[in-house]
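Below is one structure, written out as structure tokens; the observations come after it.
The values are calculated or read from the model by the stated rules, or taken from the named source; none is laboratory data. Computed from a prediction, not measured in an experiment: that's the story for all the values here. Cβ coordinates were reconstructed from backbone atoms using ideal geometry, including for glycine residues, and neighbour counts include every protein chain displayed.
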Ligand SMILES: [Zn+2]
């Protein structure tokens, strides 16, 4: 039975799993705290070697990433504010550790978008948008059954979104340091925590309970 390895990178944790037969049939999983790339990725490689073998692997990570297979930096996390991860060769690390194993690579929002599309789309559907709201707001897109890449990643969090009149004049400050009003500045966890009117809202903690079957779909979908 075909076995898949799925790897999902986040700013707080990295998750890894092995599935058998169907990407949703996870038979082993582990979570590692995010430290520097060398030690974090080595922990994952060691875990995969102990829990393998597997036939294909999918890697999805926080960005920005280079998803262009023709680029010299394909599979890297690129210019990220997480300084330790600046130009970390994520995909290359796994390809070197598991030579010959086919590997797919995408962002941590495109992978779940593809998962939603793959497993929940209705007959005839061709597109899907995935929105995740946490410390930021991320958007992944599937158009014509494929995740969207291009010059830059699709942007949704920093679209302009005017505040309601009653939320202006000190009632509610947009939490984005770049924009006066935007989706992330109004809807992400920091913004909700800063909301000064209505029922109290506590800042959301990073989600720790989810596992990367979405990543696994990267490798079960051509
Ligand atoms: Zn913004």
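The lone criterion from (1) more than 21 Å from residue 113 (Cβ to Cβ); (2) touching a helix residue (DSSP H, G or I) at 6+ places or on another chain (Cβ under 7 Å); (3) within 16 Å of the ligand (Cβ to nearest atom); (4) at pLDDT below 85 left unmet by residue 136 is number (1). Here the condition is being in contact (Cβ under 8 Å) with a residue 40 or more places away in the chain and either assigned to a loop (DSSP other than H, G, I, E, B) or on the phi > 0 side of the Ramachandran plot (or both); of 58, 63, it holds for 63 alone.
In segment 108-134, the residues that are part of a strand (DSSP E or B) reach residues that are crowded, with 21+ Cβ neighbours inside 10 Å and at pLDDT below 90 with C-beta atoms within less than 7 angstrom, at least six apart or across chains, in these pairs: 131/137; 132/138; 133/188. Only one entry in 5, 28, 17 is touching a helix residue (DSSP H, G or I) at 6+ places or on another chain (Cβ under 6 Å) and buried (at least 20 other Cβ atoms within 10 Å of the Cβ), namely 5. Condition check for residue 214 on (1) surrounded by 20 or more Cβ atoms within 10 Å (Cβ to Cβ); (2) modelled with pLDDT under 65; (3) in a loop (DSSP other than H, G, I, E, B): one failure, at (3).
Inclusion of residue 150 among residues that are exposed (fewer than 14 other Cβ atoms within 10 Å of the Cβ) and at pLDDT below 70 is not warranted.
Taking segment 135-151 as the range and being in contact (Cβ under 8 Å) with a residue 24 or more places away in the chain and either in a strand (DSSP E or B) or under 26 Å from residue 71 (Cα atoms) (or both) as the test, the residues that pass are 137, 138, 139, 140, 141, 142, 145, 147, 148, 149.
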